[in-house]
Amino acid sequence: MIEINLLPKELRKVEKVAMQLPNIPLLPIVVGVLAILVVVSGVLGVLEIKTKKNLTKLNEKWNVMSPQREKTGKIITEIAANEKKVSAIRKIAKPELNWTKLLEGVNQSVIPNIWLADIGLGRSIPGNKENKDFGCLEVVGYALGNSEQATLLVAKFINNLEENKDFSDYFETIELHSLNKREVYDEEVMMFELD
């Protein structure tokens, strides 16, 4: 008996065909993978040896640079010390210190026959009101006259500074650091330094 399937091809039953695996030679693949692993292992071994050599060279360079590292360490220490000094200077130059008012106080305290040569901040820190860290103001000047007159003039100038509110607001004590006899253009003067 002959069977005729009149259904369209899309609706017909499809017979399943068993899939066959191709014959793949397993031995050459295993040998190839092992060969690749050996090559990669060799390359990694060579890289490890080169890395160790480079590390040895770098350690030698590091040891050679030891004196330079010590110098660098000293420089870094000096920089840190200088930064502390800069910080102290910034504290001194705070806007709280009114230079105009301070110099006006010095100007008002100057008496005849007293000449000021230099005014500046010194290194020592005197006792000042409210423990403000302004440092020490150094005043250098000359008093005209013989020793007795000049000494009296300097004492009067110091007294005026202590009584002047514009000056004494910043500095509580005024000390005579030195008083030396000098001769300027055949005139006897006393050079004084105040802290």
Legend entry - Sequence-distant residues sharing a close amide H with C136 (under 5 Å, placed H): G122, S124
Legend entry - Dipole-positive endmost among Y185, T151, L116 within region 99-194 (Cβ charges, Cα centre): L116
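Cα-Cα pairs above 28 Å in the chain: how many percent?
Summing the P(r) of the chain above 28 Å gives 65 percent of all pairs.
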Legend entry - Distance from region 50-94 to region 167-195 (C-alpha centre basis), Å: 45
Inset, instruction - Could you go through region 168-184 in sequence order and give the Karplus-derived ³J(HN,Hα) for each residue, using 6.51 cos²θ - 1.76 cosθ + 1.60 with θ = phi - 60°, rounded to whole Hz, and x for Gly and Pro? - result: 6, 5, 9, 10, 7, 10, 10, 10, 7, 7, 7, 9, 10, 7, 9, 10, 10
Legend entry - For region 99-194, fraction of C-alpha pairs farther apart than 24 Å, in %: 20
Legend entry - Principal-axis tilt of helix 147-163 within the chain, Cα atoms, nearest 10 degrees: 50
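What size of dipole, in debye to the nearest 20, comes out for the chain about its Cα centre when the only charges are +1 on Lys and Arg C-beta atoms and -1 on Asp and Glu C-beta atoms?
2480
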Legend entry - In degrees, nearest ten, helix 26-64 long axis to first principal axis of the chain (Cα): 10
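Values in this text are rule-based calculations from the coordinates and carry no lab data. No experiment lies behind these values; they were computed from the predicted model shown. So basically every Cβ, Gly included, is an ideal-geometry build from the backbone, and we count neighbours across all protein chains shown.
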